[in-house]
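The values are calculated or read from the model by the stated rules, or taken from the named source; none is laboratory data. Bear in mind that the values here come from a model prediction, so they are computed numbers and not experimental data. Virtual Cβ from ideal backbone geometry, glycine too; neighbours counted across all protein chains shown. Remember, those area values only see protein heavy atoms, side chains included, never the ligands or the DNA or RNA. Shrake-Rupley method; radii C 1.70, N 1.55, O 1.52, S 1.80 Å.
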Amino acid sequence: MTLAPNGARPGDFDEFYRTRFRGLTLQLYAYVGDLQEAQDLVQEAFCRAYVRWRKLRDYDDPARWVRQVAWNLAKSRFRRRRTAAAFLRSQRQVVVAGPDADRVALVRALATLSPQHRRAVVLHYMAQLSVAEIAAQEGVAEGTVKSWLSRGRAALANQLKGELS
């Protein structure tokens, strides 16, 4: 006779599963109120039983073990959900105001600049880096950065003159 991977005789576990799955699922369904969740819980309990089948098949009532595991899994899920719900209730809802019209206009105008000009303007005016720091970061001469800043400011002024009035 060939043994299954868990050492059980072929058919033992299959028969046990076939005869007990539905009844256990209905019991859990009545408890948890969700058929899909009940099936998942009972399936998980049977998976755990399969690994231990060599020992469980000698129990007076192996279904009792599977039922207890399924109920324990259900109680654990309820506890996790209750903890998660309590955590969510304890969180304050933070309302952040949206960007004002000036910021939206600035972001839109920055998007029209070339990448070098945009990077120079952002690094200089928002990150507050000096011309020398930007030149070192970008690997260019300070004069190049000054040129980028000058052209970037001019392009921004042109873009924003009508929007911010």
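Put LYS146, LYS75 in order of accessible area, largest first, 1.4 Å probe: what do you get? Please list the in-between numbers first.
On the way: LYS146 115, LYS75 85 Å².
Per-residue accessible area, sorted high to low, gives LYS146, LYS75.
Can you give me the angle between helix 35-51 and the longest principal axis of the chain, using Cα atoms only, in degrees from 0 to 90, rounded to the nearest 10?
Long axis of 35-51 versus the principal axis of the chain: about 70 degrees.
Given the whole protein assembly as supplied and a 1.4 Å probe, what does the accessible area of ASP102 come to in Å², nearest 10?
90
Provide the gained length on full extension for the span ARG103 to GLN39, in nm with one decimal, where the gain is 0.36 nm per separating residue minus the Cα-Cα distance.
Additional length available on full extension: 17.8 nm.
Please report, in debye to the nearest 20, how large the charge dipole of region 24-165 is about its Cα centre when each Lys and Arg carries +1 at its beta carbon and each Asp and Glu carries -1 there. Present the calculation step by step, with values, prior to reporting the outcome.
Numbers: 23 positive and 13 negative charges, 106 e Å.
My answer is approximately 520 debye.
Given 10 °C and 1.306 mPa s, compute D for region 86-165 with the Stokes-Einstein relation, Rh being the Kirkwood radius over Cα pairs; round to the nearest whole µm²/s. Display every interim value, and only then the final one.
Working: Rh = 14.5 Å.
Answer from the Stokes-Einstein relation: 109 µm²/s.
Which stretch or stretches of region 32-75 have amide N atoms under 20 Å from the point lying 7 Å from LEU88's Cα along the Cα→Cβ direction?
Residues 32-38, 74-75 fall inside that zone.
When the Cα atoms of region 51-127 are enclosed in a convex hull and the volume is divided per residue, what value in Å³ results?
228
From the protein chains alone at 1.4 Å, what is the descending order of accessible area for VAL104, VAL69, largest first? Spell out each step's value before the answer.
Working: VAL104 55, VAL69 25 Å².
Correct descending sequence by accessible area is VAL104, VAL69.
If the reach is capped at under 24 angstrom between alpha carbons, list the lysines near LYS146, excluding any in the same chain fewer than eight residues apart.
Once the sequence-local lysines are set aside, what remains near LYS146 is LYS161.
Once the convex hull of the C-alpha atoms of the chain is built, how many Å³ does it hold per residue, rounded to a whole number? Could you put the intermediate results ahead of the total?
Values: hull volume 44.2 nm³, N = 165.
Cα convex hull per residue, to the nearest whole number: 268 Å³.
Obtain the nm distance between the two label points defined at GLN27 and THR144 by a simple spin-label model: each point lies 7 Å from its Cα along the Cα-to-C-beta direction.
If labels sit at GLN27 and THR144, their model points lie 7.6 nm apart.
Take TRP148, TRP53 and sort them by solvent-accessible surface of the protein heavy atoms, 1.4 Å probe, largest at the top. Walk me through the intermediate numbers first.
Working: TRP148 40, TRP53 10 Å².
These residues rank, largest area first, as TRP148, TRP53.
How far apart, in nanometres, would the label points at GLU133 and ARG64 be if each is projected 7 angstrom from Cα along the Cα-to-Cβ direction?
Here the modelled spin labels are 7.3 nm apart.
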